[in-house]
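J.: What follows is a structure written as structure tokens; I'll ask about it next.
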Amino acid sequence: MKPSIYILLFLIFVSCQNNQTTNNAIQITVDTSQTANSVLPKTNNINYLADCKNYYAEAKKLDSTLLKETDLNPSLANKAIKAFTNFAYYCQADSLSPIYLIKSAQVAKAINNYPQAKIVLDKCIADYPNFKNRAAALFLLAQLYDDAGAMNNETEAQKIYQQIIIEYPKSDWAKSAKGALTFIGKSDAQIMEELRGKK
């Protein structure tokens, strides 16, 4: 089974998560100097207590719309990325923020916006060290690096897969990371041949 199956299962799992949001007053400063080409909120030192409900409602609405789509419309995908990222950045104290960062990364990857996917996964991993699905975020990031059509950096992918195995040794993500490591550096034909041999 290819590791991408786990991503689909994770997306379904996260969609079914409790959709409760908390109302925490926050002050944030977003440094967008290194992310000029990304879809990130562009404001400084604004209190968004009242707006978090609106950001969440918009993110939830677009998430629901995306789940009903059979073909991913790039315009809708970009709206969803913006809504997910706005909620996650402005309402970063909310427990759903890291989930929406992962959702944003998945949608960005689906429309080949790999830099955006990397930015939000990096933020999820760095800002939410205790997030229960942090291993999933790491795995998605490793896959970005592992994909020749995306970041195409197998060395970095190996490091992240190994990090998952070390930090989350008993998780399903560690099993997936071990499986992914066996495929690094191999062509699709070689992978298919190995999979046929295991049947």
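J.: Taking Ala50 and the conditions (1) at pLDDT 95 or above; (2) surrounded by fewer than 13 Cβ atoms within 10 Å (Cβ to Cβ); (3) small (Gly, Ala, Ser), which numbered condition does it fall short on, given that it satisfies the others?
T.: All conditions pass for Ala50, except number (1).
J.: Going by the structure shown, is Ile166 buried (at least 16 other Cβ atoms within 10 Å of the Cβ), among the β-branched types (Val, Ile, Thr) and modelled with pLDDT of 95 or more?
T.: Considered against the rule, which asks whether it is buried (at least 16 other Cβ atoms within 10 Å of the Cβ), among the β-branched types (Val, Ile, Thr) and modelled with pLDDT of 95 or more, Ile166 comes out as no.
J.: Tally the residues that are crowded, with 20+ Cβ neighbours inside 10 Å and either assigned to a loop (DSSP other than H, G, I, E, B) or without any contact (Cβ under 8 Å) to a residue 24 or more places away in the chain (or both), restricting the search to segment 66-85.
T.: So the answer is 0.
Conditions (1) farther than 27 Å from Leu62 by Cα; (2) in contact (Cβ under 8 Å) with a residue 60 or more places away in the chain; (3) not aliphatic (A, V, I, L, M), marked per residue:
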{"residue": "Tyr100", "(1), (2), (3)": "no, no, yes"}
{"residue": "Ala137", "(1), (2), (3)": "no, no, no"}
{"residue": "Ile165", "(1), (2), (3)": "yes, no, no"}
{"residue": "Pro169", "(1), (2), (3)": "yes, no, yes"}
{"residue": "Asp172", "(1), (2), (3)": "yes, yes, yes"}
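J.: Of the residues Ala105, Ala88, which is aliphatic (A, V, I, L, M), farther than 21 Å from Ala157 by Cβ and surrounded by 21 or more Cβ atoms within 10 Å (Cβ to Cβ)?
T.: Unique residue meeting the criteria: Ala88.
J.: Would you point out the residue of segment 86-98, among those that are closer than 11 Å to Tyr56 by Cβ and not in a helix (DSSP H, G or I), that is modelled with the highest pLDDT?
T.: Per the criteria, the residue is Leu96.
The values are calculated or read from the model by the stated rules, or taken from the named source; none is laboratory data. Because the structure is a prediction, the values reported are computed rather than measured. Here Cβ is always computed from backbone atoms with ideal geometry, including for glycine, and neighbour counts include all displayed protein chains.
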